[in-house]
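The structure appears right after this line, and notes come after that.
The values are calculated or read from the model by the stated rules, or taken from the named source; none is laboratory data. Nothing here was measured: the structure is a model prediction, and the numbers come from that model. Neighbour counts run over all protein chains shown; Cβ positions are idealised from the backbone, glycine included.
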Amino acid sequence: MALVLHAGSTNKNAFKALIAAEYTGVKVELAKNFEMGVSNKTPEFLKMNPIGKVPVLQTPDGPIFESNAIARYVARLKADNSLFGFSLIDYAHIDQWIDFASLEIDVHILRWLYPRLGYLVYLPPAEEAAISALKRALEALNTHLASNTYLVGHSVTLADIIMICNLGIGFSRVLTKSFTSALPHVERYFWTLVNQPNFKKIMGEVKQTDSIPPVPSAKKPSQPKEPKAKDEPKEAKKEAAKPEAGEEEEEAPKPKPKNPLDLLPPSKMVLDEWKRLYSNTKANFREVAINGFWDMYDPEGYSLWFCDYKYNDENTVSFVTLNKVSGFLQRMDLARKYAFGKMLVIGSEPPYKVKGLWLFRGKEIPQFVIDECYDMELYEWKQVDITDEAQKERASQMIEDQEPFEGETLLDAKCFK
Ligand SMILES: N[C@@H](CCC(=O)N[C@@H](CS)C(=O)NCC(=O)O)C(=O)O
């Protein structure tokens with residue numbers, strides 16, 4: 001019979017035991033219908049782990065919490081396996097690297113990442129300290145890996161499993177290529193192991209992030225505008241704008257390239273008209289605004305998309321979840337001329353689900369939005385099939401922020417217009 005592991009399916013701490021189980025052949029399965037913030041707060045769960053954190057493993061001899069302890073247990077269930085090495089000194093080195101992965105790497109990655117996700121207060125000196133401690137640890141790891149394929153011995157051990165799970169969240173959220181290119185041995189080690197079948201089966205395809213989450217609610221500083229020199233003669237202005245030899249070319253004002261969306265064939269739908277209708281409809285919203293929307297909607301010139309936050313099990317604190325959504329809408333400012341959106345924060349208890357509906361100019365999600373708004377990759381995107389009445393109705397309910405939505409109350413609904 002399989003051992004039951006209580007955690008969400010994307011929890012990197014749960015991956016440790018699941019990967020160990022792949023190596024040893026022990027059967028471990030995730031608890032069915034686990035809901036972060038709900039399942040781990042029940043009295044039954046708190047009996048297994050009084051702190052209410054995941055993962056927890058249920059065993060015939062009682063529960064175990066702390067992910068490293070769980071992974072060790074799973075690995076030890078199979079006698080004499082290579083995950084623990086073959087000598088006393090191997091055991092000690094494996095423990096050494098497990099502690100290093102947790103206390104010198106994981107801690108600093110999370111101290112860098114969590115404030116940026118709004119889970120902790122963002123303080124620049126604290127971030128600097130976290131990054132510099134992380135660099136120090138990664139440089140030591142890089143030096144070790146310059147002459148070692150694995151952390152200990154000549155095959156994968158539990159230390160590698162725990163190290164890779166911790167590095168995984170780093171590579172996918174904060175460790176950009178420009179950061180890791182100074183650590184070639186860490187890069188080689190990471191990409192080799194995440195592509196081993198036993199890792200890949202659990203972790204899926206890992207992608208290195210190309211940007212670090214911005215500081216919460218920090219807007220990109222807008223380009224300061226040149227003050228208009230009304231009295232300056234035209235010729236003098238031209239002279240002043242000419243770059244000197246060797247001067248940065250970008251000093252010279254260049255005409256702004258047109259957004260490709262402005263070059264699309266005209267549409268019968270005028271986005272501003274819809275936004276006005278949405279904002280000005282106070283009564284009979286369904287009849288007036290929703291029906292009006294479908295009358296205006298032009299599938300040739302626009303497309304509609306559902307989005308679904310990929311990490312809902314992290315939405316355990318209401319104000320953090322709301323800040324995350326507000327930050328997303330602020331960063332979408334660059335698409336104001338080409339988009340309308342509705343974001344719902346669903347549920348009366350954590351973890352909250354974040355789902356939304358977006359209308360974009362053009363038949364695809366605009367490339368510049370994908371490129372410039374990092375939040376886009378935090379959501380699963382699915383085009384609304386407007387020939388399907390159920391999808392159309394779901395879209396209408398989202399615009400209307402109708403409660404209950406899919407059987408649940410709404411914590412909040414935010415509109416981008
Ligand atoms: N040291 C613990 C960390 C566990 C942990 O922080 N779990 C998070 C999810 S990854 C959690 O359950 N958070 C919910 C809470 O803090 O209530 C381990 O490795 O298992």
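General remarks:
- Selection count, the range 69-90, where residues are within 24 Å of L138 (Cα to Cα) and modelled with pLDDT under 95: 2
- Filter result for V288 (at pLDDT 95 or above and in a strand (DSSP E or B)): no
- Any hit, the range 24-47, residues being basic (K, R) and closer than 21 Å to D160 by Cα: yes
- Any chance A101 is closer than 20 Å to A17 by Cα and not in a helix (DSSP H, G or I): no
- Every residue from the range 354-400 that is within 15 Å of F293 (Cα to Cα) and in a strand (DSSP E or B): L357, W358, L359, F360, R361
- Selection of the range 50-83 for residues being among the charged types (D, E, K, R), in a loop (DSSP other than H, G, I, E, B) and either more than 10 Å from the ligand (Cβ to nearest atom) or closer than 30 Å to H154 by Cβ (or both) yields D61, E66, K78, D80.
- Checklist (1) modelled with pLDDT under 90; (2) touching a helix residue (DSSP H, G or I) at 6+ places or on another chain (Cβ under 7 Å); (3) farther than 26 Å from A7 by Cβ; (4) buried (at least 16 other Cβ atoms within 10 Å of the Cβ) applied to Q330, failing item: (2)
- The range 11-43 - residue that is under 21 Å from the mean Cα position of the chain (by Cα) and within 16 Å of A71 (Cα to Cα) and, of those, farthest from the ligand (Cβ to nearest atom): F15
- The range 81-112, subset acidic (D, E) and under 23 Å from L5 (Cα atoms), residue surrounded by the most Cβ atoms within 10 Å (Cβ to Cβ): D106
- Candidates N49, N11, N68, N33, filtered to the one that is of a type outside the set (A, V, I, L, M, F, W, C), in contact with an Asp or Glu (Cβ under 8 Å, 6 or more places away or on another chain) and either more than 28 Å from L378 (Cβ to Cβ) or not assigned by TED's automatic domain parsing to the domain that holds D160 (or both): N11
- All positions within the range 301-342 that are more than 19 Å from S396 (Cα to Cα) and among the acidic types (D, E): D313, E314, D333
- The number of residues in the range 312-323 being away from the ligand (no atom under 16 Å from the Cβ) and buried (at least 20 other Cβ atoms within 10 Å of the Cβ) comes to 0.
- Meets criteria (closer than 22 Å to R173 by Cβ, in contact with a strand residue (DSSP E or B) (Cβ under 8 Å, 6 or more places away or on another chain) and either touching a residue at least 60 places away in the same chain (Cβ under 8 Å) or surrounded by fewer than 22 Cβ atoms within 10 Å (Cβ to Cβ) (or both)) for L3: no
- Residue within the range 27-43 that is touching a Phe, Trp or Tyr at 6+ places or on another chain (Cβ under 9 Å) and more than 24 Å from G170 (Cα to Cα) present: yes
- Residue count for the range 367-401, restricted to those that are within 19 Å of Y309 (Cα to Cα) and either surrounded by 16 or more Cβ atoms within 10 Å (Cβ to Cβ) or at pLDDT below 95 (or both): 19
- Residue check: Y114 meets all listed conditions (1) under 28 Å from K324 (Cα atoms); (2) more than 16 Å from the ligand (Cβ to nearest atom) but one, namely (2).
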